[in-house]
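S.K.: What follows is a single structure, and I will ask about it in a moment.
The values are calculated or read from the model by the stated rules, or taken from the named source; none is laboratory data. Nothing here was measured: the structure is a model prediction, and the numbers come from that model. Because the Cβ atoms are built from the backbone with ideal geometry, glycine has one as well, and the counts that use them run over all protein chains shown. Protein only, heavy atoms only, side chains kept; ligands, DNA and RNA dropped before computing areas. Shrake-Rupley method; radii C 1.70, N 1.55, O 1.52, S 1.80 Å.
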Amino acid sequence: MGAIRTPRDRWIEEGLRALAAGGPDAVRVEALAKNLGVTKGGFYGTFADREALLEAMLDTWERESTDEVIERVEREGGDPRTKIRRAGMLTFSSDRLLPIDLAIRDWARRDEAVAERLRRVDNRRMGLLREIIGTFCADADEVEARSLLAFCVAIGEHFLAADHGDRTRAQVLARAADLLFNRPT
């Protein structure tokens, strides 16, 4: 009877967990194998090398954070503001995609190929924002500005350590969204 091979997606998922926790240097075959409770020999039956795993991890992140998010936003429908909120929640509020996204942003600062991949993902995300904001805002310059601000808030708020007086971060973010998306207070 042959040995059971660790599925490809388990290696990718473990690699993404390591990336989120410690950046690309933490994605080491031996450490992943140990965490999966297998030998590293099984890795080489699935991937040619570490670079192939890193590429597969980036493919998975890109698919999940763009294709799957956009598909779900469209499938579940709703008014434009609901769609924007859903896209943001799926991408930047999850315990899974957010840490991966932040790790990839850091990695992209040192790796041009990763930076190009991030640029492609961010351009798709900005495209979705433009499309949705354009349904309630006719001025192209304002659509672009609102899209940029919304995206900056979604990412930047995770790096901001400031207090907000007697308001919570959630209250300030909700008010920012009201302003960006013309919601009545």
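S.K.: Using a 1.4 Å probe on the protein chains only, how many percent of the accessible area of the chain belongs to carbon and sulfur?
M.R.: C and S fraction of accessible area: 54 percent.
S.K.: Right, something else. Would you report the distance distribution of C-alpha pairs in the stretch 22-103 as whole percents per 10 angstrom bin, up to the bin with the largest distance?
M.R.: For the stretch 22-103, the binned pair fractions read 16, 37, 26, 16, 5, 0 percent.
S.K.: Rounding to the nearest 10 and keeping the result within 0 to 90°, find how far the Cα-based axis of helix 8-22 lies from the longest principal axis of the chain.
M.R.: 60 degrees
S.K.: Over the chain, calculate the relative contact order: mean separation of alpha carbon pairs under 8 Å at least 6 apart, over the residue count, as a percent.
M.R.: It comes to 18 percent, rounded to a whole number.
S.K.: Now for a separate question. For the chain, what is the accessible area per residue in Å², given a 1.4 Å probe and the full set of protein chains?
M.R.: Dividing the accessible area of the chain by its residue count gives 57 Å².
S.K.: Something else: From the backbone phi of the stretch 161-170, what are the Karplus-calculated ³J(HN,Hα) couplings (6.51 cos²θ - 1.76 cosθ + 1.60, θ = phi - 60°) in whole Hz, Gly and Pro given as x?
M.R.: For the stretch 161-170, the Karplus curve yields 10, 5, 8, 10, x, 8, 9, 8, 4, 4 Hz.
S.K.: How big is the chain by the Kirkwood estimate over distinct Cα pairs, in Å?
M.R.: Evaluated over the chain, this radius sits at 18.3 Å.
S.K.: Continuing with the same structure: With +1 assigned to the C-beta of every Lys and Arg and -1 to the C-beta of every Asp and Glu, and no other charges, what is the dipole magnitude of the stretch 5-52 about the Cα centre in debye, to the nearest 20?
M.R.: That gives the stretch 5-52 a dipole magnitude of about 180 debye.
S.K.: For the stretch 68-174, what is the per residue volume of the convex hull drawn over the alpha-carbon atoms, in cubic angstrom?
M.R.: Given the Cα convex hull of the stretch 68-174, per-residue volume reads 125 Å³.
S.K.: Now, a different point. Calculate the dipole size of the chain relative to its Cα centre from +1 charges on Lys and Arg beta carbons and -1 charges on Asp and Glu beta carbons; express the result in debye to the nearest 20.
M.R.: The calculated dipole for the chain is roughly 420 debye.
S.K.: If you don't mind, another one. Using +1 at the C-beta of Lys and Arg and -1 at the C-beta of Asp and Glu, which of THR91, THR135, PHE151 has the Cα lying farthest in the positive direction of the dipole of the stretch 83-160?
M.R.: In the stretch 83-160, that residue is THR91.
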